[in-house]
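See below for the structure under consideration.
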Amino acid sequence: MKKTKNLIILLTLVLSFGMTSCEGFLDEDNKVGQTADLVYNTASGAQGLMASCYSFARGWYGKEAGLGLSEMGTDLFYYGYDNKQKSLCSYNITAESLDGNTADNACLDQYWEMFYCAVDVCNTALKYIPENTAISEALKKQYVGEAYFMRAFYYFHMVNLWGAIPYNAETFTSMVTTATKTSEEEIYGNMLSDLDMAIQKLENNKSKADGHADYWAAKALRARTLLYAASWLGATSITSNANYTGKNLYTLAKDEAADIISNGPFSMYNKYSDTWSMANEDYTKNSEAIFGIRYSGDLLTTVNTIPYRYKTDASGVQMSYNGLITRTGYTRGGSAMLLMFVGMWNNGASDLGNDGTKSTNVFVRVLGASTDTIHSKKTGLPVRVSQAYSPYGRGFTRYLPSLYLWKLLDRNRATDQRTEATLLDHYDIASPDLSSNAAKYPNLQDTAIYYCPLDGNSPEGIAKQAWAKNRYRIQFMSGGDIPIYTTNDPATAKPTEAAVATSAVYGDNRYNSYKIGGWCSFPGIKKFLDNVYDPTYPTNDISGRDAFVLRLAEMYLIKAEGELATGGDALGTINALRAKRAISGKDNSISGPVTIDVILDERAIELCGEQQRWFDLKRTHKLIERVDAYNAQGSANIKEFQYYRPIPQAQLDAVTNKGEFLQNTGYN
């Protein structure tokens, strides 16, 4: 492997004063020849430095690569046809640093670099903000609190990915070529110290209105951190931190969450779907959101992008992060979540058109906002479908719900709002004027594809398929003409990779296409979809939707898990949450006993897709058990050592103390 002399993985050449590429750093305060002392002693320099502390988080939240590492290879999702991280999802990843490859890349090498660069920026803030004489003491105190919060925030992700890693509490101003691992327990102790400091410094900052971390965000992250330490480490206390020695971590997590529920300025929406409405996507205004990652609705702004890499190419030019992390590069940016969970609805097989014949299309790829590219078969007139074209994203087929997740959501359909608000079980046609355009469905009205939660070979399934004849395409959970999964057994089911050649009902081969296999056409997750039309990008490529990181509902789940561990009323807390998610007039409660599996099921219903699931299964030591039971794509390869991700080979190559700084077990 060829290495440039200025490779920056981890500590090598991470310079505290090298922020020219960081979003939010003001050009007028970064003049050549100025020192860090001068730059960071201005009001604008301090403001830019704090903006840089947050900017790296946009490389993880709302991005494909971060989603793959936090949700996939679990019990909730399979990879689809066009997934770019199949090796990761099937537990075939290695330590190889793939850098710019976008065909199949976990991007671990770049996340290692990104997170350590982010930590160094936070350390820079903690060094220079207290010395700043251009801002008020109150603002100085706030900024220091935010920097402590963000440092804990980044280490939270790193320790849960890699376990024991180097811990840096000081900013670096010169090359460091060696690295030493710090134990997970000590890193948790340091994170809790940072969060304690953040809470103390932010005690007078209890409003999220400006999009900065506040007092409540620090308390919520502390609740989550305490729960993780208790469940993963199996620790009753943190011995490396005197403030937590001899204290029950589950009790502390439970009490912290209860305080936020009772005393925080947060409330549940009466309708769960309102939590995810684009009208409430701004986390600072969303009543349930405690902390999130901001994305501007102006997708052309560089505010939405992440910093360039500190690593340079052979010519000394700063490199870009992988496209799976930046999504649209550095000229514009936003959240890519609306692309990740929808199937191939817009260019599927010819039964719904899109076969080159304008008179029969139901869906159409629109290249311009005002282009009329389709005609109504009924009227012969052009139909403008631009604005209605892509309420479902672009059909990337990256991730689809597992059979287990679909069954779990459907089990609660009659009483729980979250099923309807989460599961995208049908796709509508682009315009009512196209209702009779699909020749093979002459009675088609508004629905073009319906995903039915039945066995298509059951009597009920056969009746449903007969009803759908001439009306719409119907695809079944399993069985029938177009099964989505190979079996109805969650332990062995996989997405089908091709549809059957001949229809038992229709007697033709309209379904003989890989594009209608379950790995391409499937029920989606709709809570991240963007229903705001952007004439500049009518294909809904990215979104200005904020990424919610901490929500009020999670505090109920943390409280319940703490109660489960300490003998409290976990069932009562779960049912309090379920009552708020109940369909009006319905009893949405469950009965006991409560186990960790019950809580994991509830977390699946509430939090699926929110970049927590892999960590939840890891910290509860349920990863292998749950993958074996519910994800046949990963069960054949998953091993105990894969509770940790591999340390990137680029980092191992960069350090000089190779005999001391070793790869995580199992990846050698």
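The values are calculated or read from the model by the stated rules, or taken from the named source; none is laboratory data. On a predicted model such as this, the values are computed, not experimentally measured, just so you know. For neighbour counting, all protein chains shown are included, and Cβ atoms are generated from backbone atoms with ideal geometry for every residue, glycine included.
General remarks:
- Flag if Leu571 is modelled with pLDDT of 95 or more, closer than 20 Å to Leu623 by Cα and out of contact with any Leu (no Cβ under 7 Å at 6 or more places or on another chain): no
- Identity of the residue in segment 288-341, β-branched (Val, Ile, Thr), at pLDDT below 95 and not in a helix (DSSP H, G or I), that ends up surrounded by the fewest Cβ atoms within 10 Å (Cβ to Cβ): Val317
- Any hit, segment 244-253, residues being at pLDDT 95 or above and either small (Gly, Ala, Ser) or touching a strand residue (DSSP E or B) at 6+ places or on another chain (Cβ under 9 Å) (or both): yes
- Lone qualifier among Tyr54, Tyr81 - being of a type in the set (Ser, Thr, Tyr) and either assigned to a helix (DSSP H, G or I) or under 22 Å from Ile605 (Cβ atoms) (or both): Tyr54
- Hey, Ser44 surrounded by fewer than 22 Cβ atoms within 10 Å (Cβ to Cβ), under 30 Å from Thr422 (Cα atoms), without any contact (Cβ under 8 Å) to a residue 24 or more places away in the chain and among the small types (Gly, Ala, Ser) or not: no
- Of all residues in segment 463-484, none satisfies being out of contact with any Asp or Glu (no Cβ under 7 Å at 6 or more places or on another chain), small (Gly, Ala, Ser), at pLDDT 95 or above and assigned to a loop (DSSP other than H, G, I, E, B).
- Between Asn241, Asn205, the distinction of being farther than 21 Å from Tyr188 by Cβ, at pLDDT 95 or above and more than 24 Å from the chain's Cα centre (by Cα) belongs to Asn205 only.
- Any hit, segment 579-588, residues being of a type in the set (Asp, Glu) and within 27 Å of Asp214 (Cβ to Cβ): no
- Residues that are under 16 Å from Tyr450 (Cβ atoms), of a type in the set (Ser, Thr, Tyr) and out of contact with any helix residue (DSSP H, G or I) (no Cβ under 8 Å at 6 or more places or on another chain) within segment 391-429 comprise Tyr392, Tyr427, listed in sequence order.
- Any hit, segment 3-25, residues being within 30 Å of Asn637 (Cα to Cα) and modelled with pLDDT under 95: yes
- Restricted to helices (runs of 4 or more DSSP H) entirely inside segment 557-668, those with at least 3 residues that are of a type in the set (A, V, I, L, M), in contact (Cβ under 8 Å) with a residue 12 or more places away in the chain and within 22 Å of Asn412 (Cα to Cα) are 570-580, 596-607.
- Unmet criterion (only one of (1) modelled with pLDDT of 95 or more; (2) at positive phi) for Asn540: (1)
- Segment 505-537, subset closer than 20 Å to Ala438 by Cβ and among the small types (Gly, Ala, Ser), residue modelled with the lowest pLDDT: Gly507
- Scanning segment 414-462 for residues that are among the aromatic types (Phe, Trp, Tyr) and outside any strand (DSSP E or B) turns up just one, Tyr441.
- Filtered residues of segment 133-156 (kept if crowded, with 20+ Cβ neighbours inside 10 Å, under 19 Å from Asn41 (Cβ atoms) and over 25 Å from the mean Cα position of the chain (by Cα)): Gln142, Tyr143, Val144
- Qualifying residue in segment 93-105 (condition: touching a residue at least 40 places away in the same chain (Cβ under 8 Å), under 16 Å from the mean Cα position of the chain (by Cα) and surrounded by 24 or more Cβ atoms within 10 Å (Cβ to Cβ)): no
- Only one entry of Ala448, Ala463, Ala430, Ala438 meets the criterion of being without any contact (Cβ under 8 Å) to a residue 60 or more places away in the chain and of a type in the set (A, V, I, L, M), and that entry is Ala463.
- Every residue from segment 613-633 that is within 23 Å of Thr566 (Cβ to Cβ) and either surrounded by fewer than 18 Cβ atoms within 10 Å (Cβ to Cβ) or touching a strand residue (DSSP E or B) at 6+ places or on another chain (Cβ under 7 Å) (or both): His621
- Remark: pairs (first residue in segment 70-87, under 17 Å from Leu339 (Cβ atoms) and in contact (Cβ under 8 Å) with a residue 12 or more places away in the chain; second residue of a type in the set (Lys, Arg) and assigned to a loop (DSSP other than H, G, I, E, B); Cβ separation under 6 Å; 6+ apart in sequence or on different chains) = Gly80/Arg398; Asn83/Arg398.
- Taking the criterion of being in a helix (DSSP H, G or I) and exposed (fewer than 15 other Cβ atoms within 10 Å of the Cβ), the only residue of segment 157-210 that qualifies is Gln200.
- Identity of the residue in segment 582-604, within 23 Å of Glu71 (Cα to Cα) and over 15 Å from the mean Cα position of the chain (by Cα), that ends up surrounded by the most Cβ atoms within 10 Å (Cβ to Cβ): Glu602
- Considering only residues in segment 580-627 that are among the polar types (S, T, N, Q) and either touching an Asp or Glu at 6+ places or on another chain (Cβ under 7 Å) or at pLDDT below 95 (or both), the one that is farthest from Glu185 (Cα to Cα) turns out to be Asn588.
- Only one of the numbered conditions (1) acidic (Asp, Glu); (2) at pLDDT 95 or above; (3) surrounded by fewer than 23 Cβ atoms within 10 Å (Cβ to Cβ) is not met by Glu256, and that is (3).
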